[in-house]
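Data block below; observations after.
The values are calculated or read from the model by the stated rules, or taken from the named source; none is laboratory data. It should be emphasised that the depicted structure is a prediction, and the values quoted were computed from it without experimental measurement. Neighbour counts are summed over all protein chains in view; Cβ atoms, including those assigned to glycine, are modelled from backbone coordinates with ideal geometry.
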Amino acid sequence: MTIELSTAINAPIERCFDLARSIGLHVESTSQTGEQAIAGRTSGLIELDETVTWRAKHLGIWQTLTSKITQFDYPNSFTDEMIDGAFKSIRHQHVFSRDDDQTIMKDIFMFESPFGLLGKLANHLFLTRYMENLLKKRNAVIKRAAESDRGF
């Protein structure tokens, strides 16, 4: 499954890029899941080839997921990919561009659920909508932070 979202932000591209890779802001943006960085890079700004292990409660179940930054082109794009977790695969591309005086932050979030046909059914019944809502909440927090003068 692929989810694509675009968010217009009234802030410099570099600020948006850095906020999108901030461990602390990620934790804030997923507070409803109790998400915490528990291994690898656990604070600051994640960089190329670094990993972070997250622990969060999704759909009533505590889970861990480790992702790695596999592509990094400051301030235009970075990609994180799941290297361990409940999904068959996750690849999240973060792409930034300028449009007049705004930054356009684009998410291309690709995931494969485990469990074959049962996983595909879960995607269509609730999982895609759940993941899209998580991304929208996260993007709203990034937008709010970027358009303010708060630090990382």
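Residues that are in contact (Cβ under 8 Å) with a residue 60 or more places away in the chain, part of a helix (DSSP H, G or I), touching a helix residue (DSSP H, G or I) at 6+ places or on another chain (Cβ under 7 Å) and surrounded by 15 or more Cβ atoms within 10 Å (Cβ to Cβ): does region 66-84 have at least one? No, region 66-84 has no match at all.
Residues being within 28 Å of Asn123 (Cβ to Cβ) and either in contact with a helix residue (DSSP H, G or I) (Cβ under 9 Å, 6 or more places away or on another chain) or not in a strand (DSSP E or B) (or both): count how many of those fall in region 41-61.
Filtering region 41-61 for residues within 28 Å of Asn123 (Cβ to Cβ) gives 46, 51-61.
With either in contact with a helix residue (DSSP H, G or I) (Cβ under 9 Å, 6 or more places away or on another chain) or not in a strand (DSSP E or B) (or both) added as a condition, the list becomes 46, 52, 54, 56-60.
Matching residues across region 41-61 total 8.
Which of the residues belonging to region 47-65 are of a type outside the set (Lys, Arg) and surrounded by 12 or more Cβ atoms within 10 Å (Cβ to Cβ)?
Within region 47-65, Glu47, Leu48, Glu50, Thr51, Val52, Thr53, Trp54, Ala56, His58, Gln63, Thr64, Leu65 meet the criteria.
With respect to the conditions (1) closer than 13 Å to Ala20 by Cβ; (2) hydrophobic (A, V, I, L, M, F, W, C); (3) within 13 Å of the chain's Cα centre (by Cα), Ala145 falls short on a single one, namely (3). The set of residues in region 109-124 being in contact (Cβ under 8 Å) with a residue 24 or more places away in the chain and part of a loop (DSSP other than H, G, I, E, B) consists of Ser113, Pro114.
Scoring Ile13 on the criteria (1) out of contact with any Asp or Glu (no Cβ under 8 Å at 6 or more places or on another chain); (2) aliphatic (A, V, I, L, M); (3) crowded, with 16+ Cβ neighbours inside 10 Å; (4) without any contact (Cβ under 8 Å) to a residue 60 or more places away in the chain leaves a single failure, condition (4).
Test Ile38 against the criterion of being modelled with pLDDT of 95 or more, within 20 Å of Phe111 (Cβ to Cβ) and not in a helix (DSSP H, G or I), and give yes or no.
Numbers: modelled with pLDDT of 95 or more: yes; within 20 Å of Phe111 (Cβ to Cβ): no; not in a helix (DSSP H, G or I): yes.
So Ile38 fails the test.
Taking the numbered list (1) more than 24 Å from Phe17 (Cα to Cα); (2) at pLDDT below 95 in turn, Asp100 passes all entries but (1).
Which residue out of Ser43, Ser31, Ser6 is surrounded by fewer than 16 Cβ atoms within 10 Å (Cβ to Cβ), at pLDDT below 95 and not acidic (Asp, Glu)?
Details: Ser43 fails: at pLDDT below 95; Ser6 fails: at pLDDT below 95.
Just a single option satisfies the conditions, and that option is Ser31.
Is one or more of the residues making up region 40-48 of a type in the set (Asp, Glu) and touching a residue at least 60 places away in the same chain (Cβ under 8 Å)? Looking through region 40-48, none of the residues is of a type in the set (Asp, Glu) and touching a residue at least 60 places away in the same chain (Cβ under 8 Å).
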